[in-house]
Amino acid sequence: MTWIRIKAGSFSFVGRLETAAAPQTCAKFQTLLPYRQKIIHVRWSGEACWIPLGDLNLGLRHENHTSFPAPGEILLYPGGISETEFLIPYGAVRFASKVGQLAGNHFITLTSDLDKLPLLGKTVLWQGAQNIRFDMA
């Protein structure tokens, strides 16, 4: 198994790359590490944070995709009818954008401190954008 360490605001998590279910997405993501960005709260999807990436083309297609990720199931939407983005759910989610429902590639599953995800979400919602960093564990 391949493990990822995530530091978001003052919170830390460990996750497993879903290399069997989303091999191309995981391989592409590993080329981006260490990955630093800001997360903001979603507008249409429910209880989640996201990293908007605009028209960035990562050369990916859908694999292991879902519109209803569980808390801690991180998605990468490879672009198409909406912009490329990462989605980090902390509660109930129906992944969507202003053009309607989307499906993103589930490529990381958080395995530690899932009880802290709602606190991260509420921090982002009420205090604004937070720094996030992904590294190999």
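The values are calculated or read from the model by the stated rules, or taken from the named source; none is laboratory data. Values in this document were obtained by computation on a predicted structure and should not be read as measured data. Positions of Cβ are generated from backbone atoms using ideal geometry, with glycine treated the same way; all protein chains shown enter the neighbour counts. Just the protein is used for accessible areas: all its heavy atoms, side chains included, with ligands, DNA and RNA removed. Shrake-Rupley method; radii C 1.70, N 1.55, O 1.52, S 1.80 Å.
Below, the figures for the structure above:
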| item | result |
| --- | --- |
| Residues of the stretch 104-137 that turn out to be open to solvent by 20 Å² or more (accessible area, probe 1.4 Å), at pLDDT 95 or above and not hydroxyl-bearing (Ser, Thr, Tyr), as a count | 18 |
| Selection count, the stretch 1-31, where residues are more than 16 Å from ALA103 (Cα to Cα), among the aliphatic types (A, V, I, L, M) and in contact (Cβ under 8 Å) with a residue 60 or more places away in the chain | 5 |
| Matching residues, the stretch 52-110, being among the basic types (Lys, Arg) and touching a Phe, Trp or Tyr at 6+ places or on another chain (Cβ under 7 Å) | ARG94, LYS98 |
| Failed criterion for THR66 (all others in (1) touching a His at 6+ places or on another chain (Cβ under 6 Å); (2) open to solvent by 10 Å² or more (accessible area, probe 1.4 Å); (3) closer than 20 Å to PHE134 by Cα hold) | (3) |
| In the stretch 9-63, residue surrounded by the fewest Cβ atoms within 10 Å (Cβ to Cβ) [restricted to those that are part of a strand (DSSP E or B), basic (Lys, Arg) and out of contact with any Ser or Thr (no Cβ under 6 Å at 6 or more places or on another chain)] | ARG36 |
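Each row is one residue, and each column tells you yes or no for (1) touching a Leu at 6+ places or on another chain (Cβ under 6 Å); (2) over 22 Å from LEU120 (Cβ atoms); (3) aromatic (Phe, Trp, Tyr).
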site: THR2; (1), (2), (3): yes, yes, no
site: LYS7; (1), (2), (3): no, no, no
site: SER10; (1), (2), (3): no, no, no
site: PRO23; (1), (2), (3): no, yes, no
site: GLN37; (1), (2), (3): no, no, no
site: ARG61; (1), (2), (3): no, yes, no
site: PRO71; (1), (2), (3): yes, no, no
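Conditions tested, residue by residue: (1) in contact with a Cys (Cβ under 9 Å, 6 or more places away or on another chain); (2) within 18 Å of SER112 (Cα to Cα); (3) at pLDDT 95 or above; (4) of a type in the set (Phe, Trp, Tyr).
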| residue | (1), (2), (3), (4) |
| --- | --- |
| THR2 | yes, yes, yes, no |
| SER10 | no, yes, yes, no |
| GLN30 | no, no, yes, no |
| ILE51 | no, no, yes, no |
| LEU60 | no, no, yes, no |
